[in-house]
1. Starting from residues that are of a type in the set (A, V, I, L, M) and touching a Phe, Trp or Tyr at 6+ places or on another chain (Cβ under 8 Å), keep the ones in the stretch B:36-49 and report whichever is surrounded by the fewest Cβ atoms within 10 Å (Cβ to Cβ).
2. Wholly within the stretch A:269-324, which strands (runs of 3 or more DSSP E) include no fewer than the required count, namely at least 2 residues that are open to solvent by less than 20 Å² (accessible area, probe 1.4 Å) and more than 28 Å from A:N253 (Cα to Cα)?
3. Does A:K226 meet the test of being within 24 Å of A:G135 (Cβ to Cβ), of a type in the set (D, E, K, R), in the same structural domain as A:A184 (by TED's automatic domain parsing) and touching a residue at least 40 places away in the same chain (Cβ under 8 Å)?
4. Quick check: is even one residue across the stretch B:185-203 open to solvent by 40 Å² or more (accessible area, probe 1.4 Å), facing chain A (nearest Cβ under 10 Å), touching a residue at least 12 places away in the same chain (Cβ under 8 Å) and not β-branched (V, I, T)?
5. Considering only the stretch B:36-56, state which residues are β-branched (V, I, T) and free of Cβ contacts under 8 Å to residues at least 60 places away in the same chain.
6. Got at least one residue in the stretch A:239-247 being assigned to a strand (DSSP E or B), under 19 Å from A:M174 (Cβ atoms), among the acidic types (D, E) and assigned by TED's automatic domain parsing to the domain that holds A:S162?
7. May I ask you to list the residues in the stretch A:402-421 that are open to solvent by less than 20 Å² (accessible area, probe 1.4 Å) and either more than 9 Å from chain B (Cβ to nearest Cβ) or closer than 16 Å to A:F73 by Cβ (or both)?
Amino acid sequence: MTINRRGFIGAGLAVTASLSAPAVFAQNARPKVVVIGGGAGGATAARYIAKDSKGAIDVTLVEPTRTYYTCFFSNLYMGGFRTLESIAHSYGTLASEYGINVVHDWAVGIDRDARTVSLAGGNTLNYDRLILSPGIDFVDGAVPGWDINAQNAMPHAYKAGSQSELLKAQIEAMPQGGTFAMVAPPNPYRCPPGPYERVSMVAHMLKRDNPTAKIIVADPKPKFSKMALFQEGWANHYEGMVDWIGSDFGGGNVSVNPDAMTVTIDGEETKVDVCNVIPAMKAGRICEMAGITEGNWAPVNGHTMQSRMDENIHVLGDATNQGDMPKSGFSANSQAKVAAMAVRGALLGSKVFPAKFSNTCWSLIGTDDGVKVGATYAATDEKIAKVDGFISATGEDAALRKTTYEESIGWYEGITSDMFG
Amino acid sequence: MTRFFALLVAAAILPWAAVAEETADAIGDPTRGTKIYSKCSGCHLVGPNATDRIGPHLNGIFGRAAGAHEGYRYSKSMTRAGNDGLVWDLETLDAYLENPRALVSGTRMSFRGLKQAQDRADVLAYLRTYSDNPANIPEAEPTARKHEVELTPEILAIVGDPEYGEYLSSECTTCHQSDGGDDGIPSIVYWPEEDFVVAMHAYKRKLRPHPVMQMMAGRLSDEEIAALAAYFGRLAN
């Protein structure tokens, strides 16, 4: 095999930098990519662009937090299967091994004509291509009675970290025989099986420490991801503990009162001890500020993950409206690789292959009881379309469920090293 | 195919003893199989009072789930394959004997495989006489739709494009760690190219059991599998 073009350009630049031109000049001559958001989409995109361009592209990653807690596996922390430290990651390797300029700041404005990003700290970044991977924000007024000021009384815990710690502490402090309520979100939202894995993990903890406690779920949907698997698991592990109220039974008609700690479902008010409110979601706010949203999400072209509103901007993960893929860390990671390839192709002329995507979501229902659902996808001109899929079956034997759980642990190691190096 | 179908019909009508003989003949020659088994007997005992040695004993191997014989310490890969649903029947044993690592990558059985289909048939006919109740051997159905990982020389001759493989590999590394870590999910780095190609085709043809891998391999073209093998092969150099 001959040396590929990308490698050749990279080597050429290195020679130029070391022999003649001042380093500063070489630095300025490199095309610039700014990535906003250091999660499964953004961190992966930054790493793949830096790695595969071998220094020929100047990559800046803007992420406000210094320690990133993965949303995936934060439910396992809730259930006592993981420590918080085990889902915490830093950006050190991306800076030291891959030469990525990691900026811990908030992006507060995007000027699409000037191609600049302004930061809360006062600085401005120029870009040739911008990648937005900001995750989700909540829709104002989605759950009557709840707003972001109430997130300490009624945590969402749908962005991992301090919210996860808070919710776990509240569950641990519940009185014997107390009530845990969840207000589940309407479609589409981050991590479709997430609320139900969380119910499983809360039930797991309560069964051990507080076996007479009750769990109520008010759900605006008539059905949910892996429903048969979760309901089978709840019956097997936590019989009589979980009361799921779907939209057919008024679960969508819900309001909360954080001061009184009450939840009103279809006119019936209940006093609860812990209330986990997961409101309706929308693209992270920076997408709205950039003017690339339509409704709550940012529409993208599946071939390249470019915004349909601006070809210099690629959008990844939960924030996008792309078609059939679920909003998951796995999806964002998969989309990031397609975007990274497209960006290199546009800026360096490297070869661009057809976009391929995949997703698998593992969920833990109880000890060693893991299930999964997944699919593969391809880009059409209209959307990212599902090609093929599979789901765990009800009634699988314990050995297979244990293998599935162990597989999810392996996947966690795989994806986090794929994101953070 | 026709022959196996006839046997199925026969099984439905005739008394068990007669069927057992008929079916055994259809697998191969157990007498010739006894001689071929000498390649196996250094590690695997079979017959009355057989015990586990380097490998597990093979009494009752037909119909047993892979990695499921109690008391024997299997490789991680073999245990996983069993949990994923691999059951030893004529079809799977035949594929395993042809190329053990094509079916179970990390198997500890260091055996090059029996390349001749007749040799495999004969040794399996011999082993089959040591499975408890021949009438219950779940071989009739699988043999009726027998398929193996027999790759044509054309497929094996495809020269993969490692640059394409590198892009495709990014789909693998979401789960499989690129540094070779293998907790929960097997390692896929440092594989000889041909083993990689054979294994991926075994998933594509649904001979290997894992649903995620069947799906992932199922949509890879022959060229894409070659590209991945080339990329991972180059990693090893």
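The values are calculated or read from the model by the stated rules, or taken from the named source; none is laboratory data. Worth saying up front: this structure is predicted, and the values here are computed from it rather than measured. Here the Cβ is made from the backbone with ideal geometry for all residues, glycine too, and neighbour counts use every protein chain on show. Areas reflect the complete protein model, heavy atoms only, side chains present, ligands, DNA and RNA absent. Shrake-Rupley method; radii C 1.70, N 1.55, O 1.52, S 1.80 Å.
1. Here the answer is B:V46.
2. Here the list reads A:298-301, A:313-315.
3. Working: within 24 Å of A:G135 (Cβ to Cβ): yes; of a type in the set (D, E, K, R): yes; in the same structural domain as A:A184 (by TED's automatic domain parsing): yes; touching a residue at least 40 places away in the same chain (Cβ under 8 Å): yes.
Spelling it out, A:K226 is indeed within 24 Å of A:G135 (Cβ to Cβ), of a type in the set (D, E, K, R), in the same structural domain as A:A184 (by TED's automatic domain parsing) and touching a residue at least 40 places away in the same chain (Cβ under 8 Å).
4. Checked against the condition, which is being open to solvent by 40 Å² or more (accessible area, probe 1.4 Å), facing chain A (nearest Cβ under 10 Å), touching a residue at least 12 places away in the same chain (Cβ under 8 Å) and not β-branched (V, I, T), the stretch B:185-203 yields at least one hit.
5. So the first thing to find is which residues in the stretch B:36-56 are β-branched (V, I, T), and the list is B:36, B:46, B:51, B:54.
If the condition is that a residue be β-branched (V, I, T) and free of Cβ contacts under 8 Å to residues at least 60 places away in the same chain, then B:T51, B:I54 are the ones that fit.
6. yes
7. A:T404, A:E407, A:S408, A:G410, A:W411, A:Y412, A:G414, A:I415, A:T416, A:D418, A:M419, A:F420
Condition check ((1) of a type in the set (S, T, N, Q); (2) in contact (Cβ under 8 Å) with a residue 40 or more places away in the chain; (3) under 25 Å from A:Y196 (Cβ atoms)) across all residues:
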site: A:V274; (1), (2), (3): no, yes, yes
site: A:I278; (1), (2), (3): no, yes, yes
site: A:K282; (1), (2), (3): no, yes, yes
site: A:A319; (1), (2), (3): no, yes, yes
site: A:S328; (1), (2), (3): yes, yes, yes
site: A:L348; (1), (2), (3): no, yes, no
site: A:N359; (1), (2), (3): yes, no, yes
site: A:G366; (1), (2), (3): no, yes, yes
